[in-house]
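> Structure below; questions to follow.
Read the figures in this text as sums done on the coordinates, not as results from a lab. Just so you know, these numbers come straight off a predicted model, no measurement behind them. All Cβ positions, even for glycine, are placed from backbone atoms using ideal geometry, and neighbour counts span all protein chains on display.
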Amino acid sequence: MPIELPIMKGRSRSYPKSKKSACGWCGEAITHHQPIAESFCGALLRYTQSDGKKRRDDIFAESADMRAIWRIFWLERDPVTKDTLFGFYLSIIEDVIGGQSCATFCSPKCLRSFLNYCVDKFEEIITKERKALCRKRKCDAAKRTKEGAKKEVSRKQNRL
Ligand SMILES: [Zn+2]
């Protein structure tokens, strides 16, 4: 199932976006009577209440000053110089106003499929960005990495 990432941005704070409750992966309708899997993330702003004499317990709540993000990063050294650090990322949730976000799925199986989909997209970004980086840096780090992996497999096979 193709999903547009990020799944939430701006004022959209729940996924899927439809008014009726549905699974974020398979699209099946979700009723109020069935169990669900929710991926809930974000942050709350700390407020301190005071009655003028003493401080009351802190309250944590949403705030228009907060933005929720969920990104998966890939970091690696420059393939030529080995000093500069490069990073590529996949954005799953971006700048959700208020700082809170919630994605709903009908089952752990659908949640897992969604997470696998995100990791697949993440790998696509890494492959694409590394190729672009190597073209720019006139190197072949991606190929070297594959050769290194083959040598590692070969070494393991020799040990057996
Ligand atoms: Zn589902």
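> If R₀ is 35 angstrom, what is the calculated FRET efficiency for the pair residue 86 and residue 33, using the beta carbon separation as r and rounding to 0.05? Could the numbers behind the result be given before it?
Working: r = 49 Å, r/R0 = 1.40.
That gives a FRET efficiency of 0.10.
> On average, how much area does the Cα convex hull of region 1-108 cover when viewed from any direction, in nm²? Before the final figure, lay out each step's value.
Numbers: hull surface 47.1 nm².
Mean projected area of the Cα convex hull: 11.8 nm².
> How far apart, in nm, are two points set 7 Å out from the Cα along the Cα-to-Cβ line at residue 74 and at residue 3?
1.9 nm
> Another question, if that's okay. Select from region 1-98 those trypsin sites (Lys or Arg not before Pro) which occupy a DSSP coil region and have at most 16 other Cβ atoms within 10 Å, ordered by residue number. Spell out each step's value before the answer.
Details: sites: 9, 11, 13, 17, 19, 20, 46, 53, 54, 55, 56, 67, 71, 77, 82; in loops: 11, 13, 17, 19, 20, 53, 54, 82.
When the trypsin sites (Lys or Arg not before Pro) of region 1-98 are filtered for loop state and at most 16 Cβ neighbours within 10 Å, 11, 17, 19, 20, 53, 54, 82 remain.
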